[in-house]
Amino acid sequence: MTNLFLRCLILLLAGCVTSNTSISNPELEAITTSCQEKLEAIYASGSFPGATASVVLKDGKVVQLAVGNTEQGGRALTPKDRMLVGSAGKTWVSGIVQHLVAKKVLSYDNKAIEWFQNDEWFLRIPNAKDVTVRQLLKHQSGLERYEFKPEFWQELMLDPDRVWRPKELLEFVFDDQPMFQAGTAWAYADTNYILLGMIIERATGQSFYSLADQWINQPYALYNTIPSNRRRLKGVVQGTVIGGQQLGVGPLALSNGAFTYNVQFEWCGGGFASTATDLAQWARVFFSHRFLQGAHLEELLNAVPAPALGPNRSYGLGVILAETRLGQFYGHDGFMPGYLTAMGYFPEFGISAAIQVNTDDGRAIGMPLQEALVELVECAM
């Protein structure tokens, strides 16, 4: 088979090339108009610079939306503009782990210490001898959030060009008392996913970003998704910083086209810049049978209560589960100074959606981003 044929076959299997028979262009245009009007109404009732959004319909057709500007006095946003995705990037980490479990390279119940036998420093990690891959994925390790420790942000802002190694991030929790015994409770922490990234790389001998490209971005045509591994990222628009000012960032995320701190640190805690369209496409793939099947999908969605994320929310293997008026929702939120993201999938309707906002002030939107997704999907039905 030719390379061209193989590529077309991959795209078809990914659900990214779809039939034109289900919804005619006039119908798609009408849906797009309805969704755009809804996004504009959300914008008019809020006080944020702008937003991009996308809805992927059951048959794979894509609605792309944008409203507002890159910043006050800036140009109009377009669906092609990238923003930092924040913790929504954890779904890539989970996807790679799931792939390794399917290949029997990893097991959910592997203890993390199995990959750090020659590292004396690992024993300084809370619950070092007990924590498992599954507990890291579910935020049940008992590890604290290195990413919100004041001393971390002081060092981050003092040296904006510093390239952070994973172990250097983990050092901020060395010798801490565990928040709880591994597996007995739930507490969200990027620290879990830094450890997962190290396990992925040690298990495969490849970099996390290389695997993300090989196993996810290229096969599923997420061509507008890039690693946030440097201060200058092509196509990423300005972010207005409100909440992030408490961390020492702001009032804008970018200065002369470069981030005011090295976003490279986020790595497996989020670690990507993308578009709402790519995020909605990935949600459609990841949270359905297109990426995982049978027992693997069941494991992904086997969740524990996560009240800190909001009422009626639970957390699986890198996925937030919630109940909405459209039924179940599988997705993930994201925060980085200057940006907010929400992406997810509504399994009862086979529709996915994503929204990105170029501010980190959730109050300025006037509603939770998940609710914005619900309202956009309602307009698409």
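Distance from the alpha carbon centroid of the stretch 303-348 to that of the stretch 105-141 works out to 25 angstrom. Hey, which aspartates and glutamates would be in cross-link range of Lys234, C-alpha to C-alpha under 13 Å, not counting anything within fewer than 8 residues on its own chain? Straight-distance partners of Lys234: Asp81.
As a rough footprinting exposure proxy, the listed residues Ser274, Ser314, Ser255 were ranked by other beta carbons within 10 Å of their own, and the order from fewest upward is Ser255, Ser314, Ser274. Estimated at 0.36 nm per residue, the fully extended path between Arg162 and Arg325 surpasses their Cα-Cα distance by 54.1 nm. Label sites at Phe349 and Phe174, each approximated as a point 7 angstrom past Cα along Cα to Cβ, lie 5.1 nm apart.
On the basis of the beta-carbon distance and an R0 of 30 Å, His289 and Asp109 show a calculated FRET efficiency of 0.80. Dividing the helix sum by the residues of the chain, where each DSSP H run of 4 or more adds -39500 (n - 2.57), gives a mean residue ellipticity at 222 nm of -9000 deg cm²/dmol.
Taken one residue at a time, the phi angles of the stretch 130-137 give Karplus couplings (6.51, -1.76, 1.60, θ = phi - 60°) of 10, 5, 10, 4, 4, 5, 5, 4 Hz. Gly and Pro are set to x. Note on Phe148 and Asn69: the model spin-label points, each 7 Å out from Cα along the C-beta direction, lie 3.3 nm apart. Here Lys61 is the anchor, and the lysines within straight C-alpha reach of less than 19 Å, apart from those fewer than 8 places off in the same chain, are Lys38, Lys80.
Taken along its three principal axes, the alpha carbon spread of the stretch 241-341 comes to 48, 28, 24 Å, from the longest extent down to the shortest. For the chain, the percent of C-alpha pairs falling in each 20 Å distance bin, counted from 0 to the bin holding the largest distance, reads 29, 60, 11, 0. When the P(r) of the stretch 142-183 is calculated, the portion above 14 Å amounts to 53% of the C-alpha pairs. Backbone N atoms of the stretch 207-240 closer than 13 Å to the 7 Å Cα→Cβ label point of Leu252 belong to residues 237-240.
For the stretch 216-298, the extents of the C-alpha atoms along the principal axes are 46, 25, 19 Å, listed from largest to smallest. Taking the fewest neighbouring Cβ atoms within 10 Å as the starting point, the ordered list for Lys167, Lys111 is Lys167, Lys111. Rounded to 0.05, the FRET efficiency of the Ala30 and Asn118 pair, given R0 = 45 Å and the Cβ-Cβ distance, is 0.15. Ranked for footprinting exposure by Cβ neighbours inside 10 Å, fewest first, Ile365, Ile96, Ile31 give Ile31, Ile365, Ile96. Annotation: amide H-H contacts under 5 Å for Thr359 (H modelled 1.01 Å from N, sequence separation of 5 or more, or interchain): Thr240, Leu340.
Each label was represented as a point 7 Å from its Cα along the Cα-to-Cβ direction; for Glu378 and Ala76 these points are 2.7 nm apart. Each other residue within a Cβ distance under 13 Å of Thr32 adds +1 if Lys or Arg and -1 if Asp or Glu, for a net charge of -2.
For Lys149, list the lysines whose Cα falls under 27 Å from its own Cα; do not include residues on the same chain fewer than 8 positions away. Within the straight-line cut-off, Lys149 pairs with Lys90, Lys111, Lys129, Lys138, Lys167.
Quick note: the coordinates plus some simple rules give every number you see, no bench work behind them. All values derive from a computational prediction rather than experimental measurement. Quick reminder, even Gly has a Cβ in these numbers, built from the backbone with ideal geometry, and neighbours come from all protein chains shown.
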